[in-house]
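This report concerns only the one structure given below.
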Amino acid sequence: MVKINGTQFDISSTILSDYLRQADYDTKTIAVEINEEIVPKSLYDKTVLNDGDVVEIVNFVGGG
Amino acid sequence: MIPTKEELQKAFEERHGKELQKLFADAVVAVCGLGGLGSNIAVSLARAGIGKLIIADFDKVDITNLHRQQYKANQIGEYKANALKQNLQEISPYIEIEEHITKITEENISDIVGEADIICEAFDKASEKSVLVNAVSEKYPDKYLVAASGMAGIGSPNLITTRRVTKHFYLCGDGVSDVDSTNGLFAPRVMLCAAHQAQTVLRILANAE
């Protein structure tokens, strides 16, 4: 199981970029942290979600 | 009559306690983007007696900024970094301000935030927020980052919160209220989000987080 923004998903071994596409995230407006560490955008398509990973995906909206 | 540095320091110490005030006075905080969020964050931090603020924005004060940003009508057309420096020094005459009139990019970010203990993301565009948060987290994983997302619209003020996403990364806002899909930006709600960011900075410095 992979915990994403507090919810458990049965998606171990999924590539991060595949998950982001499937969940309809725009990679231009997000930041992804896995186990407390930022994932550089250049590594989204090389990063595998492992069993037990804790993932935080922050989606920014405009305004300031 | 402007008080002396010693008089002001004594007043800060009376309000915050000597120990806490020293932590604030020794701190360097960067505010990236000087619009509704950044100008209000900077004013709060200047009032709190933060020793040094690094403020950065490429833009000039526009008439449409006055409804929520800490500028005055007679500052329209001035660079925000210059205008805000002046306003901050009127509030807190002995604060050290390092202003940058530039667009912050992945290339120049180290020159701007390198010295800061804590960095506040206070941009307007979602994509620019993302670029800054990613760049700071990659280059400076040990620096604290306080960002904001979702403070537009006439929605309830009670939905604005602060969340600790990871050890060094805090996110303020309601997370969803986009400026493009709401009826604009309103001073109190934007100021509230800025206040969350500024208070988070003080809490980090006070080791209360």
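Inter-chain Cβ neighbour count for B:137-144, averaged per residue, equals 2 (cutoff 10 Å, partner chain atoms only). A Förster radius of 30 Å combined with the Cβ-Cβ distance from B:SER127 to B:ASP26 puts the calculated FRET efficiency at roughly 0.30.
Contact order, relative form, for the range A:2-59: 53 percent (alpha carbon pairs under 8 Å, 6 or more residues apart, mean separation divided by residue count). The figure for A:THR27 is an accessible area of roughly 60 square angstrom, using a 1.4 Å probe on the protein chains alone. Computed in the context of the full set of protein chains, the accessible area of chain A at 1.4 Å probe radius has 47% of its extent on carbon or sulfur.
For the range B:5-205, the alpha carbon positions stretch 49, 41, 37 Å along the principal axes, listed from largest to smallest. Per residue, the convex hull around the alpha carbon atoms of the protein assembly as shown comes to 127 Å³. The range B:1-92 has equivalent-ellipsoid semi-axes of 27, 14, 10 Å, by the square roots of 5 times the alpha carbon gyration tensor eigenvalues, sorted largest first. Placing pseudo-labels 7 Å out from each Cα toward the beta carbon at A:ASP18 and B:ALA73 gives an inter-label distance of 6.1 nm. Antiparallel beta bridges, as assigned by DSSP with both residues in the protein assembly as shown, represent about 45 percent of the total such bridges.
Distance in nm between label sites at B:LEU66 and B:MET1, each 7 Å beyond Cα in the beta-carbon direction? Going by the 7 Å Cα→Cβ label model, 3.4 nm. Two tests apply to each whole DSSP H helix in chain B, Cα reach of 24 Å or more along its axis and mean Kyte-Doolittle hydropathy of at least 0.5, and the ones passing both are B:187-205. Within the accessible surface of chain B, defined with a 1.4 Å probe on protein heavy atoms only, the carbon and sulfur portion equals 52 percent.
Each 5 Å bin from 0 upward holds the following percent of the Cα-Cα pairs of the range A:9-64: 4, 18, 33, 27, 11, 4, 2, 1.
Computed per residue of chain B from DSSP H runs no shorter than four, each worth -39500 (n - 2.57), the mean residue ellipticity at 222 nm is -12000 deg cm²/dmol. Working from Cα pairs under 8 Å separated by at least six residues, relative contact order for chain B is 21 percent. Between B:LYS18 and B:LYS167, the modelled label-to-label distance comes to 3.3 nm, taking each label 7 Å out from Cα in the direction of the beta carbon. Give me the summed buried accessible area for the B-A pair, 1.4 Å probe, to the nearest 100 Å². Heavy-atom accessible area buried at this interface is about 1800 Å². The simple Förster model, with R0 at 41 Å and r as the Cβ-Cβ distance, assigns B:GLN86 and B:ASN158 a FRET efficiency of 0.75.
Inter-chain neighbour count for B:170-177: the average number of beta-carbon atoms from partner chains within 10 Å of each residue's beta-carbon is 2.
Computed over neighbours whose Cβ is under 15 Å from that of B:ASP59, the net charge equals 0, Lys and Arg +1, Asp and Glu -1.
In the assembled protein chains, B:HIS16 presents an accessible area of approximately 60 Å² (probe radius 1.4 Å).
Protein-only accessible surface at a 1.4 angstrom probe places the residues B:VAL61, B:VAL176 in the order B:VAL176, B:VAL61, largest first.
The values are calculated or read from the model by the stated rules, or taken from the named source; none is laboratory data. Worth saying up front: this structure is predicted, and the values here are computed from it rather than measured. We place every Cβ from the backbone using ideal geometry, glycine too, and count neighbours over all the protein chains shown. Only protein heavy atoms, including side chains, enter the accessible area calculation; ligands, DNA and RNA are left aside. Shrake-Rupley method; radii C 1.70, N 1.55, O 1.52, S 1.80 Å.
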